[in-house]
1. Kindly establish whether R22 is touching a Leu at 6+ places or on another chain (Cβ under 9 Å) and basic (K, R).
2. Find all pairs meeting these conditions: Cβ atoms under 6 angstrom apart; at least six residues apart or on different chains; first residue within the range 352-374 and assigned to a loop (DSSP other than H, G, I, E, B); second residue at pLDDT below 95 and surrounded by fewer than 18 Cβ atoms within 10 Å (Cβ to Cβ).
3. Among residues belonging to the range 1-57 that are among the β-branched types (V, I, T) and either modelled with pLDDT under 95 or open to solvent by less than 10 Å² (accessible area, probe 1.4 Å) (or both), point out the one that is farthest from E361 (Cα to Cα).
4. With a cut-off of at least 2 residues that are of a type outside the set (A, V, I, L, M, F, W, C) and in contact (Cβ under 8 Å) with a residue 24 or more places away in the chain, name the strands (runs of 3 or more DSSP E) lying wholly within the range 91-164.
5. Can you name the condition, by its number, that S14 falls short on among (1) farther than 22 Å from L368 by Cβ; (2) in a helix (DSSP H, G or I)?
6. Could you tell me how many of the residues in the range 162-176 are open to solvent by less than 30 Å² (accessible area, probe 1.4 Å) and either touching a Cys at 6+ places or on another chain (Cβ under 6 Å) or more than 23 Å from F234 (Cα to Cα) (or both)?
7. When you look at T56, is it touching a residue at least 12 places away in the same chain (Cβ under 8 Å) and among the polar types (S, T, N, Q), yes or no?
8. Give the residue that is farthest from E380 (Cα to Cα), with candidates limited to residues of the range 64-106 that are charged (D, E, K, R) and open to solvent by less than 10 Å² (accessible area, probe 1.4 Å).
Amino acid sequence: MNNHDDRSGQEVVSLCLELVSRPSVTPKDEGCQQLIATRLRDSGFHIENLTHIDTTNMYATHGSGSPNFCFLGHTDVVPPGDSGLWAYSPFEPVIQGGMIYGRGTADMKGGDAAMVMAAKRFVEKHPNHKGRISLIFTSNEEGDFKNGTPHVVSRLMERNENIDYCIVGEPSSQSVLGDTIKIGRRGSITANIRVFGIQGHVAYPHLGRNPVHDAVPALSELLSYQWDGGNEYFPPTSMQIPNVRAGTGAGNVIPGDCFIQINWRFSNETTADEIKRVTDEILSKYKLNYHIDWEFFGDPYITEKGELLDITRKAIKDVCGIDAQESTTGGTSDGRFVAKFNECQVIELGAISETIHKANECTSAEDLEKLAVIYEKILEMIMAE
C-alpha cells in the first residue's frame, strides 16, 4: 500500500476500536452513530436521525438522485456473556498478533468502520459522483429488529426514495476475507403453539387429557413433511423445534397445556402463507385444541445476477486475489428489508464470521483495511462520475 492507503487503513482500525469500546448491547447505541456521523459530516454527508421508540437509526447521504448506492450496517452487539471466558475485556479492545479482540469486532463494527471510511474516501475523491451514496445504521439488528431497518425502509418508501444497490457489511467471509458473497437469505417464520389438555393425576389418565401425547403424532407428521426440494440457490426448507414446555414439575401430574415453538427457514420455493396453511391443516387433522401465535421475520430474497455482484467479484479478485463463492446460507440479515425496494440488488460482504457471538470475538486489522479498499473499488466502478 502507498502512504495514503496506510493512513486510511489506520483510520479504519482506529474507528473500529472506538466503536468496539462503546458497550452497545442491543438495542443501545451508546453514541456509536454520533461517532460515525462526525466522521461522515466532515466529508459533506447529510445526516438524518431516524430514531424510533427504543432504537437509534441513522441515514447518511451524499449527492442526490439515482442510482442510490447504500451501505447497510448495525451498531448494536450481542451481550458478551461470561467475562471469565474472555482473554481481554470485551469492551476494551486490544490488538494482539494482528487481530483486534472485542465484542463486535467481526459482527459488525469492523464492517461499519470499513464502510464509513470507504464512503468518505470515495466522496473526497469524487465530490461530483453519480447519484447518491448512502449509509444506514441501526442499533437493533441483533434484537427485536422491528424499530430498526424496517422503520428506515418504510420512511424512505413513504417519500419515494429508492435504493438501487446495497452492500450489507455483515461478516460473510468463511476462511479468508472475500471468499464468500452472500447473494440472498432464506425466509424465517416461527409458530408459538399452545396445545390445551385437561390436567389430572397420572394414575387416572381417563380423567385427564395429556396435550403432549396429543401433540406428538401431529409433530411427527410435520417433521416428516417435505416442504420443497430447494433449488440452485437455496437448500430445501427446514423445520426445527427449539422449545417445548409442559408440566408443573411434579412427576405425578398430567399437564394442562403444552407449549411448542417451531421455526422454519424457507426457500423461495415455499411461502409463509403455505407454511401456515399446512401447519393448521395437520394440527386440525389430529383434532388438537390449540392456538398459534405466528412471528414472521422475513421472506427469502436473492440477487442471482447483476452489475453489483459482477463488480464485487472483480473488486475481491483485485484486492485479495481470489474468486469469491456465492452463498445463501446462515440466518437472516437486515438485507431482507432493503430487498423490498424496486429492483434493488442486495449482497452481503464482510469480515470472517468464525468468532461472531463467541467469547474472544476478533477480526484481522489487515482484513479491515482490505475490506475498505474493496468497498471503495466497488464504488469507483459503479458510482464514479
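1. For R22, the condition - touching a Leu at 6+ places or on another chain (Cβ under 9 Å) and basic (K, R) - is met.
2. Sorted first by the residue in the range 352-374, then by its partner, the list stays empty.
3. Going through the qualifying residues, I end up with T55.
4. In the range 91-164, 132-138 are the strands (runs of 3 or more DSSP E) which contain 2 or more residues that are of a type outside the set (A, V, I, L, M, F, W, C) and in contact (Cβ under 8 Å) with a residue 24 or more places away in the chain.
5. (1)
6. So the count comes out to 2.
7. yes
8. Selected residue: R103.
The values are calculated or read from the model by the stated rules, or taken from the named source; none is laboratory data. Since this is a predicted model, take the numbers as computed values, not measurements. Note that we place each Cβ from the backbone using ideal geometry, even for glycine, and neighbour counts take in every protein chain shown. For the accessible areas, the whole protein counts, side chains as well, though only heavy atoms, and no ligand, DNA or RNA atoms are used. Shrake-Rupley method; radii C 1.70, N 1.55, O 1.52, S 1.80 Å.
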